Amino acid sequence: GDFPIEVDTLVIGAGPGGYVAAIRAAQTGQKVTIAEKGNLGGVCLNVGCVPSKALIEAAHNFEKAKGDEDMGISSENTTVDFSKVQSWKGGVVQKLTGGVQSLLKGNKVDVVKGEAYFVDQNTVKIMDEKQSQTYKFKDCIIATGSRPIEIPNFKFSERVLDSTGALELKEIPKKLIVIGGGYIGTELGTAYANFDTEVTILEGMDRILNGFEKDLVQPVKKNLKNKGVEVVTNAMAQGVEETEDGVKVTYEVNGEEKTAEADYVLVTVGRKPNTDELGLDEMGMEMDDKGYIQVDKHSRTNFENIYAIGDIVPGPPLAHKASYEGKIAAEVIAGEKAEVDYMAIPLVAFSDPEIASVGYTKETAEEAGYEVKESKFPFQANGRALSLNSTEGFLKLITRKDDGLIIGGHVSGANASDMIAEIGLAIETGMTAEDLSLTIHAHPTLGEVSMEAAEVAMGRPIHTM
Ligand code: FAD
């Protein structure tokens, strides 16, 4: 046997959950080791949030460079060097993962390369290709993240892609089939459509972006149509046949079998937690039937000294949720009073236009027993949106009828991903519609849309009737 190394806090996985937890733990004086079997930054920085947003932006720039008929701008022969797009994207990823490495070092977090496996409640083995080392910890934070779900008959390959494969293509496909119209499928499908790929989205349910309210998705559907993206709902993917230079996908719609051909098929039908290869079952870790670890408000598992955060616990699988939980877990270990509160967690799809949502919807608020008002303000009535030539969409505020307390906000439109931060802040700080309406917003900005929605809630908006 090897000599065990003793640490205070061991973090397993260096994604946005784990690395943030490690830094916060170190800041509170804990001696921290973080184990990572792959790359620092996890899915989010390497093959998720960051490269996908870079690709979306590049595609958007290409689309814009082709001109704007309304504004009288046209250009011929707009070209894209896709290998440059890819290397630029790689550079963005590298800057951020390099940043994580410096931050961990700066906070004196010990970084260990290797795969962790639990021996017991206080012990893990960390293995790399060459050796195995035992670590004894006082407390442990598990942050091993998730991986794409593979569906029967669609084994991942050169042509049957998961999101990672779709982000790393060497060429712009002529045709792409996307199975699954969730936010990842919609984001990547839209990016390639902007690069002039002919995109078909096959969605099993009756609508895409199912996690968002219908009216928010409407502008996205319209834009997809304008881009020539075919969205087929109630489509059950059956199988794929790889041809010499592409794929042939069979699917069923209303009992009718259909086929579609493309260069590639991207399968984005969800992700599953990486909790099956850690020895957790053997240890008696409480998990649900899908493998999600059960935790309390302190991110604590059924073991008093073991915490779990991010994509491996229930809730929306999002980077900012993972980081938030990571900070809470680290603070709880330090003896601070901290617990999770998901009331104001934003959900964002970087679709076109972007959709963002925080807090209650009218429906969930009423289910929770609140009497609420939904106040909408259209981008069309906003000067900045008009000058951006980006007038589709709206923002709606959910306020409590009796006191005007803001308990939800939903945006579909340009920059929704940034605009939602203000509503999150309003919810966190207990602002009312009046507070928001009295906050002076610079003119002309998209930010004014939330102020005006608050005035709608007050019953006296200036720029809408
Ligand atoms: P991960 O980021 O998955 O990190 C887990 C880490 O643990 C990995 O590095 C893994 O190698 C390591 N690990 C696993 N097992 C072990 C082991 N036994 N020993 C050692 N190390 C181990 N979220 C957003 O909020 N916004 C977005 O715009 C967004 N876009 C996305 C786009 C795509 C294409 C994808 C796939 C995801 C996107 N997400 C986005 C989701 C986001 O990436 C995840 O929610 C987030 O990465 C989860 O963080 P995590 O720390 O829980 O796990």
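Please treat every number below as a calculation from the coordinates, not as lab data. All values reported here derive from a predicted model rather than from experimental measurement. With ideal geometry, Cβ positions are generated from the backbone for all residues, glycine too; neighbour counts draw on all protein chains shown.
Here is how the numbers come out for the structure above:
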read-out: Overall form of segment 1-139 per C-alpha gyration tensor (a/c, 1.5; a/b vs b/c); value: prolate
read-out: Extension gain, residue 94 back to residue 151 (0.36 nm per residue minus Cα-Cα distance, nm); value: 17.4 nm
read-out: Taking segment 262-315 and dividing mean pair separation by its residue count, relative contact order in percent (alpha carbons under 8 Å, at least six apart); value: 30
read-out: Segment residue 65-residue 339, extension gain: residue separation times 0.36 nm, minus the distance between their alpha carbons; value: 93.9 nm
read-out: Alpha-carbon Debye profile of segment 166-278, log10 I(q)/I(0) at 0.10, 0.11, 0.13, 0.22 Å⁻¹; value: -0.30, -0.36, -0.50, -1.25
read-out: Shape call, segment 257-348: gyration tensor on alpha carbons, a/c limit 1.5; value: oblate
read-out: Extension gain, residue 241 back to residue 363 (0.36 nm per residue minus Cα-Cα distance, nm); value: 39.6 nm
read-out: Separation between Cα centres of segment 6-49 and segment 170-223, rounded to whole Å; value: 33
read-out: Label-point gap, in nm, between residue 174 and residue 371 - each point 7 angstrom along Cα→Cβ; value: 6.3
read-out: For the chain: rounded, prolate or oblate by the Cα gyration tensor [a/c cutoff 1.5]; value: oblate
read-out: Other-chain or far-sequence residues with amide H under 5 Å of residue 201's (modelled H); value: 178, 230, 231, 232
read-out: Segment 1-69: Cα Rg divided by the 2.2 N^0.38 Å rule of thumb; value: 1.75
read-out: Relative contact order [Cα under 8 Å, 6+ residues apart], the chain, whole percent; value: 14
read-out: For segment 85-99, 3J(HN,Hα) per residue [Karplus equation, 6.51 cos²θ - 1.76 cosθ + 1.60, θ = phi - 60°, Hz, x = Gly/Pro]; value: 4, 5, 6, 4, 4, x, x, 4, 4, 5, 4, 6, 5, x, x
read-out: Equivalent ellipsoid semi-axes - Cα gyration tensor, segment 371-465, angstrom; value: 20, 13, 12
